[in-house]
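Quick notes on the structure that follows.
The values are calculated or read from the model by the stated rules, or taken from the named source; none is laboratory data. All values reported here derive from a predicted model rather than from experimental measurement. Cβ coordinates were reconstructed from backbone atoms using ideal geometry, including for glycine residues, and neighbour counts include every protein chain displayed. Please note that ligands, DNA and RNA were not included when accessible areas were found on the heavy atoms of the full protein model with its side chains. Shrake-Rupley method; radii C 1.70, N 1.55, O 1.52, S 1.80 Å.
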There are 2 protein chains.
Amino acid sequence: MEKLVRKITSMNVDFGKWYTDVVVRAELIDYTGVRGCVVLRPYGYAIWEIIMSFLNHEFRKKNIENVAMPLLIPESLLQKEKNHVKGFAPEVAWVTIGGNEVLTERLCIRPTSEALFCSHFSKTVKSWRDLPKIYNQWCSVVRWEKSTRPLLRSVEFQWQEGHTVHATSQEAESFAISILDLYRDFFEHILCVPVILGRKTDSEKFAGADITYTVECMMKDGKALQAATSHYFGNNFARAFDVKFQNKNNKSEFVYQTSWGLTTRVIASVIMAHGDDDGLVLPPDIAPIQIVIVPIMIKNNAVFEKCNEIFNILNRDFRVKLDVSDQSPGWKFAEYEMKGVPIRLEIGPKDVDSNSCVIIRRDNREKITCGFSNILTEIPVILTKIKCNLYKNAEKFCRDKIFVVKNLSEFKTVSKQHCFIKTLWCGSDVCEQYIKDNFGFSSRCIPLDENQCLFEASDHGCVVCEKKASSSVYWGEAY
Amino acid sequence: MEKLVRKITSMNVDFGKWYTDVVVRAELIDYTGVRGCVVLRPYGYAIWEIIMSFLNHEFRKKNIENVAMPLLIPESLLQKEKNHVKGFAPEVAWVTIGGNEVLTERLCIRPTSEALFCSHFSKTVKSWRDLPKIYNQWCSVVRWEKSTRPLLRSVEFQWQEGHTVHATSQEAESFAISILDLYRDFFEHILCVPVILGRKTDSEKFAGADITYTVECMMKDGKALQAATSHYFGNNFARAFDVKFQNKNNKSEFVYQTSWGLTTRVIASVIMAHGDDDGLVLPPDIAPIQIVIVPIMIKNNAVFEKCNEIFNILNRDFRVKLDVSDQSPGWKFAEYEMKGVPIRLEIGPKDVDSNSCVIIRRDNREKITCGFSNILTEIPVILTKIKCNLYKNAEKFCRDKIFVVKNLSEFKTVSKQHCFIKTLWCGSDVCEQYIKDNFGFSSRCIPLDENQCLFEASDHGCVVCEKKASSSVYWGEAY
């Protein structure tokens, strides 16, 4: 195929360079004058808008209400929860001057909004009647990261952050887990990305949380992406921010809380789970353009009319684009492959004559000849096949790169490749740190579903110290 | 009617206090620890979400694409357009420390994003093929305002800001005007708020613009609210940021630009155009709850079942709430009046028996008895009547408070009341400033529609200097 677009780096040559080539060439982002802050261009933001719309739809089913908290947090407010401030204070941006005057108290740009939500809850939650409060906001946050990559790790990034308040610990904890399930469904069914669900170890959990649940994905380079998290706070924040309610017996109690979030990083997960050397491969549900129609010999009137007719038929049910620009068909093929459009329809004079056209799948290049009269029934079938195929391939890739390991010498051998390693673990920070220091693998999570446990009854020792294990753990090289 | 909710200040006693009482008691906002920064609570944010959804729908028809620009602007970038920086630099918040280190160049939190868009355009606009670019973003911005009021004038506020780039001045200017038309339709048809469209005088226009078009509304205290603006930039910004394109003759030209925006201030306009001493009065199209069903004697099984049945019928087509909480009906009446819910349905045992219920309109308290079988046809009719009535009343109020004045002594007399005053004007800053200094009235706009001109051919002198007038002007006391 004619390649008129500028080539990108092959993923086998330099995966990191391939990734940044894709995000720029597919016009997802543009860099700006501030390190770690990017423009989400129309094509990138359209993906994010579709993601927001899917999640808002699911959130509404759970009676989650959207709100907008302010951008700025006074230093004294951020400092109320000690673990939280310890985790975040080193990486925040400080506003020290407003309207030409030096502020008496500096304000940080929210790195996350627990302090703001808690302060609001402390004023608005009074009685058991006010509970639960189940809030979410869509916004951007700022964390002064030292090394940044677009969509993956930024100084500013877009996200949703949910914050809830409950009367009991059971209700709060099961809510945190229900969000993890919501995220899993979203990754598996919408993004076609397989995930591993688990709990973070103490050293990896969110600053201020009792439990951090996590969604971990494997990328095409074998590395691990923490793709979403859901935290159970117990009443740590409630005590620090004095969030209390009168229970039905008129006694004052602290509330129990959760928070949970998912960022534009999910777009990075899609790029690195499905992409290839020709660019993006988008799962149909989040593709801003699901079908592109490329006319062959556009100046042929019959072709032009047939393209418009098919566009109008498809435009009712799908996000479809008819590209009538004066670029060559070859340029258009490469351009929409780069942008990961799931289906391309080629319509030329011969197709008009034969009353059919050629459908090309982005995921596996399959060419399907389809009569024009069947197109409305055929397209949804193909889109579903694309979804299944994307998931199946990503799942197989991930499964083939998870290794169960019983001792350090096995760990050493296996960890030479980029993969996930599953072991037993005693639960100590020391053994966790040993793996990090010696192999560069961090603990990803303690899996929730121990039915997936691949260990036998006779296996019971921690992979490092060989003492009695308390759980299994996935290890990986983290983004 | 039983009033169990806390009373608010009457609008005739203290309009300003009435306003802040309403925004707090209707649970639109909560104050925070940072002056001028509020929480948009679920009810307030739901209104904003509906507004965003309406405007996004209209924007899509005009091929406007949403994007996300970063939050932070380097000082050197802000300084590129001289008038722009002069207007905004005194009221920005500066980030001077990031991740514990003092920054070599300070960054301001965007007060508006012209600099960011122009910087992006200068990289991405190369040829006539790239034009026009028609972008919008939904975000919050920060302006260090000295005196603030929730939704009306804040340090941080939510808005949409559109930014476009065109090949010709004609195309850009007509685009700016087409947005003004879009805003007018939105105010009149969706918010039921009458508007005056016009051009700002030079002293009131946007920092950096050639022309600022404005949407002006009158509030129930007779004061003027600038509710939305659309700016034509010429190529001022293009020259400052070097945004050029190759035209079809391969010559390099500067682009022509517009920007336009509308903020959460539109919610303030609705409050102050339609509200009353019982609280909010929401136009049906933006009401998060369009119909509230209040059961009378909720423990009566037949009532409970009928309420649920009617809820399920209405819930398909409308935003409806059935309040089954244990609060008294009187409490609920007052609560949903405070929240401005357009229609209340009362269903008690007698209604179940008579197979009908009572519908109460929020706008004029009219009670309408309606058979249950007619409810799905009756409700849309009532909602339309509410819309018409809101617009009609606001329009009459505004019309009655616009006075045409020919000389300074008339101006002095008329300006003792809160109103709009229309005069002829010579176009000089000096005369404009004279009116401001002597009467506290600022120029609102030079009306676009001179068909509305109420002057006779014999009137031709400026209201201040009596020299030949160049246009008519609306004057008012501005929010």
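Exactly one condition in (1) touching a strand residue (DSSP E or B) at 6+ places or on another chain (Cβ under 7 Å); (2) under 30 Å from A:PRO90 (Cα atoms) is not met by A:ASP202; state its number.
(1)
Filter segment A:355-380 down to the residues that are assigned to a helix (DSSP H, G or I) and open to solvent by 70 Å² or more (accessible area, probe 1.4 Å) and list them by number.
A:SER373, A:ASN374, A:THR377
Within segment A:284-305, track down each residue that is crowded, with 16+ Cβ neighbours inside 10 Å and charged (D, E, K, R).
Result: A:ASP285, single match.
Tell me the residue from A:ASP202, A:ASP181 that is surrounded by fewer than 18 Cβ atoms within 10 Å (Cβ to Cβ), out of contact with any Cys (no Cβ under 9 Å at 6 or more places or on another chain) and free of Cβ contacts under 8 Å to residues at least 24 places away in the same chain, please.
A:ASP181
Just the residues that are out of contact with any strand residue (DSSP E or B) (no Cβ under 8 Å at 6 or more places or on another chain), assigned to a strand (DSSP E or B) and open to solvent by 10 Å² or more (accessible area, probe 1.4 Å), please, taken from segment A:245-283.
The one that is out of contact with any strand residue (DSSP E or B) (no Cβ under 8 Å at 6 or more places or on another chain), assigned to a strand (DSSP E or B) and open to solvent by 10 Å² or more (accessible area, probe 1.4 Å): A:ASP276.
Does A:PHE372 qualify as being in contact (Cβ under 8 Å) with a residue 60 or more places away in the chain and farther than 23 Å from A:GLY279 by Cβ?
yes
Would you confirm, using the coordinates I've provided, whether B:THR112 is open to solvent by less than 20 Å² (accessible area, probe 1.4 Å), of a type outside the set (A, V, I, L, M, F, W, C), more than 12 Å from chain A (Cβ to nearest Cβ) and touching a residue at least 12 places away in the same chain (Cβ under 8 Å)?
So B:THR112 passes the test.
Would you pick out the residues in segment B:59-79 that are away from chain A (no Cβ under 11 Å), open to solvent by 70 Å² or more (accessible area, probe 1.4 Å) and touching a residue at least 24 places away in the same chain (Cβ under 8 Å)?
Scanning segment B:59-79 gives no hits.
Counting only residues that are more than 8 Å from chain A (Cβ to nearest Cβ) and of a type in the set (Lys, Arg), which one in segment B:13-46 is most open to solvent (accessible area, probe 1.4 Å)?
Out of the qualifying residues, it is B:ARG35.
Give the number of residues within segment B:84-100 that are at the interface with chain A (Cβ under 9 Å from one of its Cβ atoms), over 25 Å from the mean Cα position of the chain (by Cα) and either over 19 Å from A:ILE73 (Cβ atoms) or of a type in the set (Phe, Trp, Tyr) (or both).
Result for segment B:84-100: 1.
Could you list all residues from segment A:317-349 that are charged (D, E, K, R), surrounded by 14 or more Cβ atoms within 10 Å (Cβ to Cβ) and not in a strand (DSSP E or B)?
Within segment A:317-349, A:ARG319, A:ASP323, A:LYS332, A:GLU335, A:GLU337, A:LYS339 meet the criteria.
Does B:PHE411 satisfy being open to solvent by less than 10 Å² (accessible area, probe 1.4 Å), touching a Phe, Trp or Tyr at 6+ places or on another chain (Cβ under 6 Å) and modelled with pLDDT of 95 or more?
No, not satisfied.
Applying the selection to segment B:207-218, what residues are of a type outside the set (Ser, Thr, Tyr), open to solvent by less than 30 Å² (accessible area, probe 1.4 Å) and under 25 Å from B:TYR434 (Cβ atoms)?
B:ALA207, B:ALA209, B:GLU216, B:MET218
Is segment A:335-345 home to any residue that is modelled with pLDDT of 95 or more and more than 30 Å from the chain's Cα centre (by Cα)?
Looking through segment A:335-345, none of the residues is modelled with pLDDT of 95 or more and more than 30 Å from the chain's Cα centre (by Cα).
Considering only residues of segment A:149-158 that are in contact with a helix residue (DSSP H, G or I) (Cβ under 8 Å, 6 or more places away or on another chain) and among the hydrophobic types (A, V, I, L, M, F, W, C), which is nearest to the other protein chains (Cβ to nearest Cβ)?
A:PHE157
Name the residues in segment A:126-136 that are within 8 Å of chain B (Cβ to nearest Cβ) and surrounded by fewer than 23 Cβ atoms within 10 Å (Cβ to Cβ), would you?
Hit for segment A:126-136 is A:ARG129, nothing else.
Here is a check on your reading of the model: is A:THR164 open to solvent by less than 10 Å² (accessible area, probe 1.4 Å), within 14 Å of chain B (Cβ to nearest Cβ) and either among the aliphatic types (A, V, I, L, M) or in contact (Cβ under 8 Å) with a residue 40 or more places away in the chain (or both)?
Considered against the rule, which asks whether it is open to solvent by less than 10 Å² (accessible area, probe 1.4 Å), within 14 Å of chain B (Cβ to nearest Cβ) and either among the aliphatic types (A, V, I, L, M) or in contact (Cβ under 8 Å) with a residue 40 or more places away in the chain (or both), A:THR164 comes out as yes.
Which of the numbered conditions does A:ILE29 fail, given that it passes all the others? Conditions: (1) free of Cβ contacts under 8 Å to residues at least 60 places away in the same chain; (2) touching a strand residue (DSSP E or B) at 6+ places or on another chain (Cβ under 8 Å); (3) not aromatic (Phe, Trp, Tyr).
A:ILE29 satisfies every listed condition except (1).
Given (1) more than 7 Å from chain B (Cβ to nearest Cβ); (2) open to solvent by 50 Å² or more (accessible area, probe 1.4 Å); (3) modelled with pLDDT under 95, where does A:ARG106 come up short, assuming only one miss?
If we test A:ARG106 against (1) more than 7 Å from chain B (Cβ to nearest Cβ); (2) open to solvent by 50 Å² or more (accessible area, probe 1.4 Å); (3) modelled with pLDDT under 95, just (3) comes out false.
Could you give every pair whose Cβ atoms fall below 8 Å, whose first residue belongs to segment B:242-258 and is closer than 15 Å to B:GLU81 by Cβ, and whose second residue is of a type outside the set (S, T, N, Q) and open to solvent by 80 Å² or more (accessible area, probe 1.4 Å), counting only separations of at least 6 or pairs across chains?
B:PHE254/B:ARG239; B:PHE254/B:LYS244; B:VAL255/B:LYS244
Taking A:GLU49 as meeting all but one of (1) within 11 Å of chain B (Cβ to nearest Cβ); (2) of a type in the set (Asp, Glu); (3) farther than 30 Å from A:TRP331 by Cα, write down the number of the exception.
Unmet for A:GLU49, out of (1) within 11 Å of chain B (Cβ to nearest Cβ); (2) of a type in the set (Asp, Glu); (3) farther than 30 Å from A:TRP331 by Cα: (3).
Of the residues B:SER174, B:SER154, only one is touching a Lys or Arg at 6+ places or on another chain (Cβ under 9 Å) and either over 30 Å from B:TYR391 (Cα atoms) or modelled with pLDDT of 95 or more (or both); which?
B:SER154 is the lone residue from the list that is touching a Lys or Arg at 6+ places or on another chain (Cβ under 9 Å) and either over 30 Å from B:TYR391 (Cα atoms) or modelled with pLDDT of 95 or more (or both).
Taking segment B:221-240, which residues are surrounded by fewer than 23 Cβ atoms within 10 Å (Cβ to Cβ) and more than 15 Å from the chain's Cα centre (by Cα)?
Once the filter is applied, which keeps residues that are surrounded by fewer than 23 Cβ atoms within 10 Å (Cβ to Cβ) and more than 15 Å from the chain's Cα centre (by Cα), segment B:221-240 yields B:ASP221, B:GLY222, B:GLY234, B:ASN235, B:ASN236, B:ARG239, B:ALA240.
Being assigned to a loop (DSSP other than H, G, I, E, B) and either surrounded by fewer than 19 Cβ atoms within 10 Å (Cβ to Cβ) or within 12 Å of another protein chain (Cβ to nearest Cβ) (or both) is true for just one of B:LYS146, B:LYS123. Which residue is that?
B:LYS146
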